[in-house]
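Chemist: Below you'll find the structure I mean.
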Amino acid sequence: MSVGKQEALQNALKSLRIAIPEVRGALVASTDGLPMAQNLSGNEDPNRVAAMAATALGLGKRISDTLNGGTLTETSVSGTEGQIFLYAAGNKGVLVVVTPANVNIGLVHLEARDAARSIANIL
Amino acid sequence: MNESKPLKVVISGPVGAGKTTFVQSLSEIPVVNTDETASEDIGKATTTVALDFGMLTLDGIPIHLFGTPGQDRFDFMWEILCEGALGLMLLVAGDRPQDFPHARRILEFITSRIAVPFLLGVTRQDLPRVWEPEDVAEYFDLAPEQVIGINATSSTSSLLATVRLLELVEAYDPFYAENLQGHYDFGGTVIKSVKKT
């Protein structure tokens, strides 16, 4: 991946985190599960997060296909301590956004869908 | 032979071993696959990121086939998919001996977590320069009957391997055998009918 692309992805993640300060971490992975850019605050392994994001998105696509949901745009995982949103960024990438459990979901979607669109354009 | 509990078989192995092809050759339903465009050079255009799922009926017994991704970064899927599996088919490409150590690591990863009987399938037996199953058995330090040559593009070859795996499952452990007994006629009509074709 070119330096310019990498920088553009990092910037997209940075502006997402500035727009929603509660976000705990964000990452861009390829749809085959390799990390392309990351802004994670914890000690999560980006390689593992990227692989899991690709798995969840890939499975989500098939579920959507099977149940006539059309092209998958996003899927999410909710826990008592946090939520993880996964957005399709075009057909090459996936955007992962990690938030606390009590976050304003509407705001997260608003900003993250925008970010996913610009990431799709970068890729 | 009615209302039988399905048997779960997992197909694993390194990238490019033929796992997706194997499931496609065997499945009687359209295979649920999760192929995505490969962004690294792995010798093919797409790669499995979650699982392949197919179904097969042997002697009236439904067999559910679960194919895993091959890359180490998806190792969590190996564990998830192997839960409750009755047998593991580990595939390795017979023309890629450089993948053998990886295949061995996958095997150790899975069998150290879940005690599951397995069969090692050496694929691409249709190619002229390919490792023989006997030699691969020696490399992996396995009994010859635990290794089989496969052409994953052939449904007959894939079916024979599946039958052999189920025979190993029966011989492996009384617990497994108990689950299977009365469900499956080992070494009987299925093998004969397969060999005839």
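The values are calculated or read from the model by the stated rules, or taken from the named source; none is laboratory data. This is a predicted model, so every value here is computed, not measured. We place every Cβ from the backbone using ideal geometry, glycine too, and count neighbours over all the protein chains shown. The area values use the complete protein model at the heavy-atom level, side chains included, leaving out ligands, DNA and RNA. Shrake-Rupley method; radii C 1.70, N 1.55, O 1.52, S 1.80 Å.
Chemist: Just to verify a result, which residue in the stretch A:16-31, among those that are surrounded by 22 or more Cβ atoms within 10 Å (Cβ to Cβ) and within 13 Å of residue A:115 (Cα to Cα), is farthest from the chain's Cα centre (by Cα)?
Modeler: The selected residue is A:16.
Let's see how each residue does on (1) in contact with a Leu (Cβ under 7 Å, 6 or more places away or on another chain); (2) within 14 Å of chain A (Cβ to nearest Cβ):
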position	(1), (2)
B:19	yes, no
B:27	yes, no
B:32	no, yes
B:35	no, yes
B:54	yes, yes
B:90	yes, no
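Chemist: Could I ask something else about it? Where residues in the stretch B:108-157 are assigned to a loop (DSSP other than H, G, I, E, B), open to solvent by less than 80 Å² (accessible area, probe 1.4 Å) and of a type outside the set (A, V, I, L, M, F, W, C), which of them is nearest to residue B:58 (Cα to Cα)?
Modeler: B:154
Chemist: Here's something else I'd like to know. Residues being in contact with a helix residue (DSSP H, G or I) (Cβ under 8 Å, 6 or more places away or on another chain) and part of a loop (DSSP other than H, G, I, E, B): count how many of those fall in the stretch B:26-39.
Modeler: Selection size over the stretch B:26-39: 1.
Chemist: Moving on to the next point. From the set of residues in the stretch B:27-58 that are farther than 18 Å from residue A:54 by Cα and in contact with a Pro (Cβ under 8 Å, 6 or more places away or on another chain), which is least open to solvent (accessible area, probe 1.4 Å)?
Modeler: Out of the qualifying residues, it is B:56.
Chemist: Residue check: is residue B:23 surrounded by 24 or more Cβ atoms within 10 Å (Cβ to Cβ), in a strand (DSSP E or B) and either touching an Asp or Glu at 6+ places or on another chain (Cβ under 9 Å) or in contact (Cβ under 8 Å) with a residue 24 or more places away in the chain (or both)?
Modeler: Considered against the rule, which asks whether it is surrounded by 24 or more Cβ atoms within 10 Å (Cβ to Cβ), in a strand (DSSP E or B) and either touching an Asp or Glu at 6+ places or on another chain (Cβ under 9 Å) or in contact (Cβ under 8 Å) with a residue 24 or more places away in the chain (or both), residue B:23 comes out as no.
Chemist: Show the residue pairs meeting these rules: Cβ distance below 6 Å; 6+ apart or different chains; first residue within the stretch B:133-151 and within 20 Å of residue B:108 (Cα to Cα); second residue assigned to a helix (DSSP H, G or I) and open to solvent by less than 40 Å² (accessible area, probe 1.4 Å).
Modeler: B:139/B:100; B:144/B:137; B:147/B:133; B:147/B:136; B:147/B:137; B:148/B:133; B:148/B:161
Chemist: Let me spell it out: the conditions are (1) within 14 Å of chain B (Cβ to nearest Cβ); (2) within 12 Å of the chain's Cα centre (by Cα); (3) crowded, with 18+ Cβ neighbours inside 10 Å, and residue A:34 meets all of them except one. Which number is the exception?
Modeler: Going through the list (1) within 14 Å of chain B (Cβ to nearest Cβ); (2) within 12 Å of the chain's Cα centre (by Cα); (3) crowded, with 18+ Cβ neighbours inside 10 Å, residue A:34 breaks only (2).
Chemist: If you go through the stretch A:50-67 one residue at a time, do you hit one that is away from every other protein chain (no Cβ under 14 Å) and either out of contact with any Phe, Trp or Tyr (no Cβ under 7 Å at 6 or more places or on another chain) or open to solvent by 60 Å² or more (accessible area, probe 1.4 Å) (or both)?
Modeler: No, the stretch A:50-67 contains no residue that is away from every other protein chain (no Cβ under 14 Å) and either out of contact with any Phe, Trp or Tyr (no Cβ under 7 Å at 6 or more places or on another chain) or open to solvent by 60 Å² or more (accessible area, probe 1.4 Å) (or both).
Chemist: Specify the residue that is farthest from residue B:147 (Cα to Cα); the eligible residues are those in the stretch B:59-69 that are more than 11 Å from chain A (Cβ to nearest Cβ) and open to solvent by less than 10 Å² (accessible area, probe 1.4 Å).
Modeler: Selected residue: B:61.
Chemist: Still on this model: I need a count of the residues in the stretch A:65-123 that are under 25 Å from residue B:31 (Cα atoms), of a type in the set (Gly, Ala, Ser) and part of a loop (DSSP other than H, G, I, E, B).
Modeler: Result for the stretch A:65-123: 3.
Chemist: For residue A:120, are the conditions met, namely being out of contact with any Leu (no Cβ under 8 Å at 6 or more places or on another chain) and exposed (fewer than 15 other Cβ atoms within 10 Å of the Cβ)? Step through it out loud before you land on a result.
Modeler: Numbers: out of contact with any Leu (no Cβ under 8 Å at 6 or more places or on another chain): yes; exposed (fewer than 15 other Cβ atoms within 10 Å of the Cβ): no.
Considered against the rule, which asks whether it is out of contact with any Leu (no Cβ under 8 Å at 6 or more places or on another chain) and exposed (fewer than 15 other Cβ atoms within 10 Å of the Cβ), residue A:120 comes out as no.
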